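Below is one structure, written out as structure tokens; the observations come after it.
The values are calculated or read from the model by the stated rules, or taken from the named source; none is laboratory data. Predicted model only: the values in this text are computed from it and were never measured. When we count neighbours, we look across all protein chains shown, and the Cβ atoms used for this are built from the backbone with ideal geometry, even at glycine. To get the accessible areas, we keep the full protein, side chains included, count just its heavy atoms, and leave off ligands, DNA and RNA. Shrake-Rupley method; radii C 1.70, N 1.55, O 1.52, S 1.80 Å.
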Number of protein chains: 2
Amino acid sequence: MDLAGVAGLLADGTRAAFCLALLDGRAWTANELARYAGVAPSTATSHLNLLVSGGLLVEERHGRHRYVRVADRRVVELIESLAALAPQGSARPRSLSASGRQQALARARLCYDHLAGAVALAITDAMIERGLLEWGPEPGLTGKGALWLAEAGITVPGGSRRPPVRACLDWTERRPHLAGAVGAALCAHALATGWMTRIGTTRALIVTPAGRRAWHDHLGLPPAEL
Amino acid sequence: MDLAGVAGLLADGTRAAFCLALLDGRAWTANELARYAGVAPSTATSHLNLLVSGGLLVEERHGRHRYVRVADRRVVELIESLAALAPQGSARPRSLSASGRQQALARARLCYDHLAGAVALAITDAMIERGLLEWGPEPGLTGKGALWLAEAGITVPGGSRRPPVRACLDWTERRPHLAGAVGAALCAHALATGWMTRIGTTRALIVTPAGRRAWHDHLGLPPAEL
DNA sequence: TGGACGCTTCGACGAACGTCGAAGGGACGT
DNA sequence: ACGTCCCTTCGACGTTCGTCGAAGCGTCCA
């Protein structure tokens, strides 16, 4: 793949629309991208094959879904360099609003035994930003992270073969959130201390006032975000 | 012209070769580029029409000659972003080791607002070896590097969205040298303090005796290498 | 003034590319 | 086990695009 080849990957309107949509950092399915760009699913497949084999996108197969996302920060810079030279403003469309119950689910919910949804993402992001958590190359807790857990009074059960930190793909945010033994311990602690409670018998969760204070104290999360 | 249109301008091997050749910051004539890329003059004309009307190149007519050069620093950044994702394709078919002026250019020259050529490579390599600079995965200055800059009396202007460190493909050495805001600041400082001076009005540079001392003191570069 | 040179226009050719629908494979939920 | 859903493969169609040579135009130099 030479320079012209890489440029050729973005030289098509449909592929460019895919990449612009993926600039939000989320993972999209092939069908969503096809409907978004107004092309047939088979067309989207061939485009995604090109973009993935060209290294601009990476994919993750989950069941019958094919999730793709931008591979690298260099790709983002490339697309932004192109957009800077394209007089046509690249509008940032696409707002996914759903019904009330789904909004609650999208906000915070249980995913097996750990937290998911926008709140879980905010927690995960804050932990990474504070250097408590690392995704790659091997997901894991940092030394600071272990200390932080101890100070918060959260104990992670040992002895099991379960990996302490795992990345779980969030189906509303399309980005990975914290899972594994640490994620489960965090969730158990949040429920035990009343930072979060379940809505009825569903998997949806709400953050209590006490939880708002706690997340702000421990991670600096602005209460408005919860 | 939308994003895909801009990408399409660089999605052709001949046009990409034109732009890579023009990365040295000089102005080339249409015929030179045609011979360089191995296409007919008429073909070069149509390509140049596209690149100029697309805003990637600007032209100057002098008599019967048509000089073109890269329009803008944004275009340089775009090409570099593409080259960063096309690891193998950046090789240049023709070797420019001809006249004395070109040898001087190969030794040290301006590439837009930063240093290029063998001397620039030596500086870049020394900075990496001393742990002042890192290429990957995220090009950037280390903490030691920031300290080194301050001690050398070099201030990098902030506030801009320009990335501090970028890798710019060197067209004589075919390896990346230091670009970005740090590269520009380094170059400006070298010219301001008289470490290097321009040869006449060309882009070629020479290292002054004071510069030889300075590069040796700050980076340990052997004076023979400059 | 004549010839050389650099660039441009035009027409034509062939290859590459994006698009779709139909059919098939695999995973999921009932 | 069945239907449904998501994705993929395949073949075919039409368009776009890069390429060239020939001819033409303007500039420069002798």
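What the table shows:
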| quantity | calculated |
| --- | --- |
| Neighbourhood net charge (13 Å Cβ-Cβ; Lys/Arg +1, Asp/Glu -1) for residue B:190 | +3 |
| Environment charge of residue A:130, counting only residues whose C-beta is closer than 14 Å and scoring Lys/Arg +1, Asp/Glu -1 | -4 |
| Label 7 Å beyond Cα on the Cβ vector: residue A:125 copy-to-copy distances, nm | 4.3 |
| Normalised contact order of region B:3-71, rounded percent, pairs of Cα under 8 Å and 6 or more residues apart | 34 percent |
| Distances in nm from residue B:194 to the matching label points in the other copies, shortest first (labels 7 Å along Cα to Cβ) | 7.6 |
| With DNA, RNA and ligands ignored, accessible area of residue B:144 (1.4 Å probe; Å², nearest 10) | 130 Å² |
| 7 Å along Cα→Cβ, label-point gaps from residue A:206 to other copies, nm, shortest first | 7.9 |
| Cβ-based net charge around residue B:206, under 9 Å, with every Lys or Arg adding one and every Asp or Glu removing one | +2 |
